[in-house]
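Chemist: Here's a structure for you.
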Amino acid sequence: MSRAARLALAGAAAAVVALVIGMIAGGRAFPRIIPGLPDSGAVVRWGLPLSKLLMDVAGLLTVGLLLMAAALLPNDKGVLGKPALHYVKAASWAALTWAGAAFLAIVFGVADSLGRTVPQIFTGAYLSSYATQTTQGVALTLVVLFGVAIALFSRGAITAGAAAGLLVLALVTLLPPPLTGHTSSSPNHDLATSAVSLHLLALALWVGGLIVLAAHALRREPQLDVAADRFSRMALWCYAGVGLSGVFSLVARLGAVSDLWTSDYGMIAVAKIVAFVLLGYVGYWHRQRTLVQLQAGRPHAFTRLAGGETLLMLATVGLAVALSRTPPPEFSIPADRAYELLGFPLPEEITLGNVFALWWFDLFFAAVAAALAGLYAVGVRRLRRRGDAWPWGRTASWFAGVAMLVFATQSGLARYAQVMFDVHMIEHMTLSMIVPIFLVLGGPVTLALRALKPAARKGDRGPREWITTILHSRFTKVVTHPVVATSIFIGSTYALYFTSLFESAMTEHLGHIWMTLHFLLSGCLFFWVIIGVDPGPNRLPYVGRLLMLFVTMPFHAFFGIALMMMGTVIASGWYEQLGRTWGDTLLQTQRDGGAIAWGFGEIPTLIVLLAIAVQWYKDDDRQARRADRRADRTGAGDPELDSYNAYLARLNRADKGE
């Protein structure tokens with residue numbers, strides 16, 4: 001038996017043992033059976049967590065295999081090498097196992113929820129009803145479908161871009177099941193949802209990448225030093241993300257710090273924290289000792305430590321599955337429907353002071369803002385340390401955009417935007433028509449291309465090469481076409497508010513995140529085409545940019561007028577449940593929101609006109625200076641100017657009769 005196979009068996013044993021210990025500690029292994037109530041039996045009681053454990057491990061393995069192929073191993077001008085192709089093919093089998101385990105989880109989930117044995121659920125329509133009508137069943141069904149899709153498409157993937165696309169799909173597939181468990185029923189479900197999402201994404205890249213890297217080392221595959229170095233740099237960020245999101249996840253579920261040692265849920269969480277600290281120490285040892293030895297051609301210490309770290313990680317995954325089967329401690333919350341929907345009490349009557357005072361922490365957009373500010377600052381600092389200049393105006397514009405993003409998503413404006421339609425429209429217009437203008441004028445892509453170093457290996461793809469590839473991709477060419485960008489910017493607004501999408505997005509926190517993120521991204525795409533200073537595949541002349549702006553803005557005015565003329569309330573089911581008793585009526589706030597949408601377009605139009613005028617002037621000035629330098633260098637004048645002067649000279653001679 002190979003060393004990689006022995007590691008796989010040991011890892012499986014560690015995960016199962018940790019699961020069993022966690023189930024016993026959480027009281028889920030041997031629950032009290034109440035006479036007269038249905039009981040699904042020991043097979044279902046243990047089959048459900050074991051199938052979920054297999055599902056989680058197969059998902060992590062799929063992510064790790066695709067990560068190794070797409071990013072950790074070098075490639076030749078985007079074409080995967082032989083080891084990377086092997087990992088993509090292995091990802092196909094891992095994804096198929098992932099889908100199969102999700103189907104088993106559906107079967108055991110039905111039996112567990114109905115208190116029936118497995119044979120009994122196949123006698124009726126229980127399975128189809130659970131898979132299509134319950135949130136947990138739908139989530140698992142998505143895993144089955146996406147897992148099969150990844151398995152099929154992985155068979156023909158031969159480029160790094162294809163492997164990266166499959167990696168993104170695999171990360172998305174991880175999210176549905178955990179977000180429909182304890183997370184959705186947490187009192188602070190907004191924080192819990194964002195925390196679990198970030199936690200899972202960072203954990204999947206970290207754990208999945210390490211499992212495959214350890215197997216790569218045990219099989220003595222080539223380019224281990226390159227893969228290990230790249231993984232080490234990524235793992236540091238993943239470790240920080242897992243730690244911070246884990247803390248916020250516990251804060252959302254625990255009523256007091258004492259719950260950590262007074263509840264079964266808290267004690268299992270403490271065990272996870274201990275394992276997390278140990279993994280951090282092992283990672284530190286990697287960076288200080290074993291990576292140095294690996295670069296020197298001595299991989300044995302790295303291989304042994306990576307194998308041990310993999311076992312500890314898989315044991316932690318087992319604890320996580322046991323934790324998902326353990327209910328969090330109960331604590332009292334206000335018996336208020338608005339609190340259940342919003343995750344916070346209905347705010348007091350809106351005033352300017354309350355808008356600036358009632359801040360609300362949104363983890364997702366706080367992380368987005370921190371990443372945008374931090375990465376930009378690092379890029380500017382790297383350029384200045386190298387002696388290169390970077391325009392201060394672009395820096396100021398970028399951080400002004402980030403500051404407005406923070407205010408729109410973290411302040412009282414974000415609270416009232418969920419309660420009042422007119423305030424929501426202010427947030428919408430700010431995120432889609434003000435913040436993007438300042439962000440695109442910051443030139444983040446140009447900064448990244450100048451600050452990042454080319455890949456160390458010729459033909460390989462580092463971060464700089466990936467940015468260049470994305471800029472020149474067919475997808476970017478399509479979405480940045482003026483017609484497409486304008487259609488997304490305008491059409492999505494009409495589709496959101498004049499269908500049931502808006503109410504659905506307000507009801508679910510993930511839907512609210514996607515809606516808010518769409519406002520920001522669609523605005524950035526539209527204004528990047530008009531006033532973006534970064535290189536792009538579709539660059540309009542300045543007259544075309546003005547035309548695109550003037551054609552687009554009236555549609556926002558028409559949208560606002562349509563809202564003002566409506567006689568029915570949009571998303572009335574959402575707003576009526578909140579029970580707001582102060583302020584204007586629902587219909588009046590909707591009409592006020594329409595007036596805001598109608599008049600708000602004047603502000604971004606003025607800013608964009610000024611930006612286009614400045615860019616046009618600077619472009620003409622650069623062309624003039626370029627022509628002067630060319631004339632000084634060659635001794636020849638400007639051909640157009642010389643032709644015009646000759647024309648004037650001929651007219652002068654004709655007047656004199658020469």
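Chemist: Take T507 and decide whether it is out of contact with any strand residue (DSSP E or B) (no Cβ under 9 Å at 6 or more places or on another chain) and either open to solvent by less than 70 Å² (accessible area, probe 1.4 Å) or of a type in the set (G, A, S) (or both).
Modeler: In short, yes.
Chemist: So, S2, is that one of a type in the set (S, T, Y), modelled with pLDDT under 85, loosely packed, with under 15 Cβ neighbours inside 10 Å and more than 24 Å from A275 (Cβ to Cβ) or not?
Modeler: Against the criterion (of a type in the set (S, T, Y), modelled with pLDDT under 85, loosely packed, with under 15 Cβ neighbours inside 10 Å and more than 24 Å from A275 (Cβ to Cβ)), S2 qualifies.
Chemist: Could you grab me the full set of residues in the range 211-258 that are surrounded by 15 or more Cβ atoms within 10 Å (Cβ to Cβ) and among the hydroxyl-bearing types (S, T, Y)?
Modeler: Within the range 211-258, S232, Y239, S245, S249 meet the criteria.
Chemist: Name the single residue, out of those in the range 99-146 being aromatic (F, W, Y) and assigned to a helix (DSSP H, G or I), that is modelled with the lowest pLDDT.
Modeler: Y126
Chemist: So, one more: Given A377, A369, which one is assigned to a helix (DSSP H, G or I) and closer than 21 Å to A202 by Cα?
Modeler: Just one listed residue meets the conditions, A369.
Chemist: Check A396 against each of (1) open to solvent by 30 Å² or more (accessible area, probe 1.4 Å); (2) within 30 Å of S258 (Cα to Cα); (3) of a type in the set (A, V, I, L, M) and name the one condition it does not meet.
Modeler: The number of the failed condition is (2).
Chemist: Please enumerate the residues belonging to the range 464-479 that are open to solvent by 100 Å² or more (accessible area, probe 1.4 Å), at pLDDT below 90 and of a type in the set (K, R).
Modeler: Scanning the range 464-479 gives a single hit, R474.
Chemist: Something else: Collect the residues in the range 85-96 that are more than 25 Å from the chain's Cα centre (by Cα) and not basic (K, R), keeping them in residue-number order.
Modeler: Answer for the range 85-96, where residues must be more than 25 Å from the chain's Cα centre (by Cα) and not basic (K, R): L85, H86, A90, W93.
Chemist: Limited to the range 461-505, what total is found for residues that are in contact with an Asp or Glu (Cβ under 9 Å, 6 or more places away or on another chain) and under 17 Å from H556 (Cα atoms)?
Modeler: Matching residues across the range 461-505 total 0.
Chemist: Just to be sure I understand the filter: pairs with C-beta atoms under 8 Å, separated by 6 or more residues or on different chains, first member in the range 435-447 and closer than 14 Å to A611 by Cα, second member basic (K, R) and open to solvent by 10 Å² or more (accessible area, probe 1.4 Å). Which pairs pass?
Modeler: Hits for this filter: L441/R394; G442/R394; G443/R394.
Chemist: Related question: Out of the residues in the range 514-570 that are crowded, with 20+ Cβ neighbours inside 10 Å and among the small types (G, A, S), state the one that is farthest from M425 (Cα to Cα).
Modeler: Looking at residues that are crowded, with 20+ Cβ neighbours inside 10 Å and among the small types (G, A, S), I get G532.
Chemist: Pick out the one residue from A448, A456 that is more than 23 Å from V569 (Cβ to Cβ) and open to solvent by 30 Å² or more (accessible area, probe 1.4 Å).
Modeler: Exactly one of A448, A456 is more than 23 Å from V569 (Cβ to Cβ) and open to solvent by 30 Å² or more (accessible area, probe 1.4 Å), namely A456.
Chemist: So, one more: Of everything in the range 597-620, what is open to solvent by less than 40 Å² (accessible area, probe 1.4 Å) and either among the aliphatic types (A, V, I, L, M) or touching a His at 6+ places or on another chain (Cβ under 9 Å) (or both)? Give them in sequence order.
Modeler: Across the range 597-620, the qualifying residues are A597, F600, G601, V608, A611, I612.
Chemist: Can you say whether I490 is within 30 Å of I350 (Cα to Cα), touching a helix residue (DSSP H, G or I) at 6+ places or on another chain (Cβ under 8 Å) and among the hydrophobic types (A, V, I, L, M, F, W, C), as far as the supplied structure shows?
Modeler: Considered against the rule, which asks whether it is within 30 Å of I350 (Cα to Cα), touching a helix residue (DSSP H, G or I) at 6+ places or on another chain (Cβ under 8 Å) and among the hydrophobic types (A, V, I, L, M, F, W, C), I490 comes out as yes.
Chemist: Consider the range 147-162. How many of its residues are in a helix (DSSP H, G or I) and either among the aliphatic types (A, V, I, L, M) or under 19 Å from P177 (Cα atoms) (or both)?
Modeler: Going through the range 147-162 one residue at a time, the tally reaches 8.
Chemist: Please work out which residue is modelled with the highest pLDDT, limiting yourself to the range 163-210 and to residues that are outside any helix (DSSP H, G or I), over 21 Å from L65 (Cβ atoms) and open to solvent by 20 Å² or more (accessible area, probe 1.4 Å).
Modeler: Step by step, filter the range 163-210, then rank; the result is T180.
Condition check ((1) within 30 Å of G567 (Cα to Cα); (2) in contact (Cβ under 8 Å) with a residue 60 or more places away in the chain) across all residues:
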| position | (1), (2) |
| --- | --- |
| T480 | no, no |
| V483 | no, no |
| T493 | yes, yes |
| P537 | no, yes |
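Chemist: Among the residues of the range 71-95, what is the count of those that are among the aromatic types (F, W, Y) and surrounded by 24 or more Cβ atoms within 10 Å (Cβ to Cβ)?
Modeler: Residues meeting the conditions: 1.
The values are calculated or read from the model by the stated rules, or taken from the named source; none is laboratory data. Bear in mind that the values here come from a model prediction, so they are computed numbers and not experimental data. Positions of Cβ are backbone-derived with ideal geometry, glycine not excepted, and every protein chain shown enters the neighbour counts. For the accessible areas, the whole protein counts, side chains as well, though only heavy atoms, and no ligand, DNA or RNA atoms are used. Shrake-Rupley method; radii C 1.70, N 1.55, O 1.52, S 1.80 Å.
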